[in-house]
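Working notes, structure below.
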Amino acid sequence: MQNTTSSMQDTVALSIDGSHLLERLIELGSIGRNEAGSLTRLAGSDQDKQGRDRLVSWLQDAELTVSVDVVGNIFGTWEADAQRRPLMVGSHIDTVIDAGIYDGCYGVLSGLAAVEALKLLGYVPLRPIVIAAFTNEEGVRYQPDMLGSLAFVGGLDLSTALGAAGTDGTVLGNELIRIGYKGSQALGAVRPAAYLELHIEQGPVLEAEDFSIGAVEVVQGISWQKIVIDGVANHAGTTPISHRHDAGYAAARIVSFLREYAFHAKKPSVATVGTMQFEPGAINIIPAKVTFTVDLRDPDEIRLRDFEFALDRFIQKIAAEEQVTIKAERLARFDPVSFDQTVVSVIEAAAAKREKSCRRMTSGAGHDAQMLARICPAAMIFVPSRNGISHNPLEFTEPEQLIAGANVLLDSMLSLLR
Ligand code: GLV
Ligand code: MN
Ligand code: MN
């Protein structure tokens with residue numbers, strides 16, 4: 001730690017231990033790599049267990065009280081006046097498939113680094129501080145995404161959360177028991193006074209505009225659906241085009257529609273088809289069935305709804321034209337979220353104190369903070385992502401930028417603790 005003052009009032013020079021934070025990011029990022037070197041720690045998996053075990057050991061080393069709730073959310077608490085509601089700082093440590101090392105882990109480990117810096121200084125918190133790692137933020141294996149934080153704030157009942165069906169046929173509750181992370185703490189047993197989340201931006205804005213820090217005031221809305229198209233399998237060589245009920249062609253038209261709608265509307269709306277399976281899946285069989293996912297996002301709720309309606313109308317048109325059956329199932333739906341302006345201002349002030357350029361911004365990605373905002377004042381701190389790349393092993397943020405973000409988190413925590 002590089003603090004040069006012994007005064008606990010003057011915290012200007014108090015900083016987190018940057019090299020220790022970077023070492024831990026790399027260590028956690030080494031857990032869950034396959035032989036080819038790619039990192040995947042899906043929620044509830046063996047790899048997730050290994051990552052959780054490492055995090056828990058670090059929380060214990062810092063003499064925090066570790067608890068796990070009934071959906072597997074992990075909390076490390078620096079105990080203080082139990083009459084006061086805690087300050088919570090968190091994110092997630094589950095990853096997407098073939099992930100980078102920063103998404104989520106950076107926020108959890110920086111919260112821990114901030115607590116360690118304060119402990120080293122002899123700081124005595126007037127309220128508890130909780131470091132949180134929420135279950136299944138990514139939503140790759142179980143939907144909805146942000147499942148752990150959603151359940152924590154009371155937005156998802158326990159049996160639905162634990163009954164979430166995995167893309168691999170597993171059930172989240174069973175997997176949590178299997179890996180030893182179905183805890184006993186009741187959902188929402190801790191009610192934070194405020195919540196902060198530090199995260200990499202995962203987009204290009206801060207880098208392009210040369211800002212060090214983003215003070216996030218809005219998270220855009222998210223709409224996830226699973227679409228199943230039933231057509232008719234037939235011979236690829238003998239079936240005239242006019243006789244086909246081709247589920248694959250219908251799916252392709254929907255994919256094109258989504259891209260063109262988002263593009264021509266010149267709105268911030270974005271659309272992604274990230275998974276698609278063909279059945280029976282053979283070179284010479286017209287596809288009988290196609291299952292795919294649709295991810296729509298927009299910072300504006302009305303525009304997001306318009307997009308959903310437009311997709312729905314297009315699906316009906318394609319079903320009629322191609323004489324196929326199309327069923328859509330909602331997997332996740334979250335309105336855009338505005339964060340607490342006071343907490344956003346606290347972040348801006350912390351960045352200014354560190355002489356870091358800062359802009360207010362909207363998050364394109366979903367985050368646990370958007371769930372916590374339902375029950376307490378919350379906001380997020382972003383740091384730049386090189387080339388705006390994330391959900392990709394090339395995800396990268398310069399070490400100095402990571403450390404600067406963690407110090408802004410530390411100062412924001414101190415402001416909120418006061
Ligand atoms: C989570 O990373 C999401 O925004 O999909
Ligand atoms: Mn994340
Ligand atoms: Mn992510």
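The values are calculated or read from the model by the stated rules, or taken from the named source; none is laboratory data. None of these values were measured; they are calculated from a predicted model. Counting neighbours? That spans all protein chains shown, and the Cβs are built from the backbone with ideal geometry, glycine included. For the accessible areas, the whole protein counts, side chains as well, though only heavy atoms, and no ligand, DNA or RNA atoms are used. Shrake-Rupley method; radii C 1.70, N 1.55, O 1.52, S 1.80 Å.
Who wins for biggest fluctuation among R386, R84, R374 in a Gaussian network model of the chain, springs between alpha carbons below 10 Å?
R84
Rounded to the nearest 500, what is the chain's calculated 222 nm mean residue ellipticity when only DSSP H runs of at least 4 contribute -39500 (n - 2.57) each, over all residues?
Per the formula, -11000 deg cm²/dmol.
Work out the FRET efficiency for R374 and I177 from their Cβ-Cβ distance, taking R0 = 35 Å, and round it to the nearest 0.05. List each step's numbers first, then the result.
Details: r = 28 Å, r/R0 = 0.79.
Approximately 0.80, to the nearest 0.05.
Treating the beta-carbon of each Lys and Arg as +1 and of each Asp and Glu as -1, no other charges, what is the dipole magnitude of segment 38-155 about its Cα centre, to the nearest 20 debye?
Values: 9 positive and 15 negative charges, 59 e Å.
Dipole size: approximately 280 debye.
Can you tell me the alpha carbon radius of gyration of segment 320-371 divided by the globular rule-of-thumb value 2.2 N^0.38 Å?
This ratio for segment 320-371 stands at 2.01.
Which whole-number value in Å² is the accessible area per residue of the chain, probe 1.4 Å?
Per-residue value: 41 Å².
Find the relative contact order for the chain and round it to a whole percent, using C-alpha pairs within less than 8 Å whose residues are 6+ positions apart.
Rounded, it is 22 percent for the chain.
Which value, to two decimals, describes the C-alpha radius of gyration of segment 267-418 once divided by 2.2 N^0.38 Å?
That ratio works out to 1.43.
Can you give the extra length, in nm with one decimal, that the chain gains between N234 and A165 once fully stretched, where that is 0.36 nm per residue apart less the Cα-Cα distance?
21.7 nm
Counting only protein heavy atoms and a 1.4 Å probe, tell me what percentage of the chain's accessible area is made up of carbon and sulfur.
Carbon plus sulfur share of accessible area: 51 percent.
Build a GNM of the chain with springs between Cα atoms under 10 Å: which of G139, G154, G214 gets the top mean-square fluctuation?
G154
What ranking, highest mean first, results for peptides 390-398, 129-137 when packing means the other Cβ atoms within 10 Å averaged over each residue?
Ranked from most to least packed, the peptides come out as 129-137, 390-398.
Please give the charge dipole size of segment 215-362, origin at the Cα centre, charges +1 on K and R Cβ atoms and -1 on D and E Cβ atoms. Round to the nearest 20 debye.
My answer is approximately 320 debye.
Can you classify segment 154-306 as rounded, prolate or oblate using the Cα gyration tensor, where a ≥ b ≥ c are the square roots of its eigenvalues, rounded means a/c under 1.5, and otherwise it's prolate if a/b beats b/c and oblate if not?
It is oblate, given that a/c is not under 1.5 and a/b is not larger than b/c.
Say R0 is 22 Å: what FRET efficiency, to the nearest 0.05, do A265 and K226 get from their beta-carbon distance?
Details: r = 24 Å, r/R0 = 1.08.
In this case the efficiency is close to 0.40.
Projected onto the charge dipole of the chain (+1 at Lys/Arg Cβ, -1 at Asp/Glu Cβ, origin at the Cα centre), which of A373, L120, I347 gives the Cα projection farthest towards the positive end?
Of the candidates, A373 comes out farthest on the positive side.
Around I389, which amide H atoms from residues at least 5 apart in sequence, or from another chain, sit under 5 Å from its own amide H, with H modelled in the peptide plane?
F396
Between segment 358-394 and segment 96-131, what is the C-alpha centre distance in whole Å?
16
Note down the magnitude of the dipole of the chain about its Cα centre, charges +1 on Lys and Arg C-beta and -1 on Asp and Glu C-beta and zero elsewhere, to the nearest 20 debye.
Here the chain has a charge dipole of around 700 debye.
Quick check: the angle from helix 18-29's long axis to the longest principal axis of the chain, C-alpha only, nearest 10 degrees?
It is inclined by approximately 30 degrees.
By DSSP, what percent of the beta bridges with both residues in the chain are antiparallel, rounded to the nearest 5?
Percent antiparallel among DSSP bridges in the chain is about 70.
Taking a quarter of the surface of the Cα convex hull of the chain, what do you get in nm²?
Details: hull surface 83.3 nm².
Taking the Cα atoms of the chain, their convex hull projects to 20.8 nm² on average.
Between D98, D210, D295, where does the largest GNM mean-square fluctuation fall for the chain, given springs only between Cα atoms within less than 10 Å?
In the Gaussian network model the winner is D210.
So for segment 21-100, averaging the separation of alpha carbon pairs under 8 Å that are six or more residues apart and normalising by length, what relative contact order in percent results?
Values: 76 pairs, mean separation 26.3, N = 80.
RCO, segment 21-100: 33 percent.
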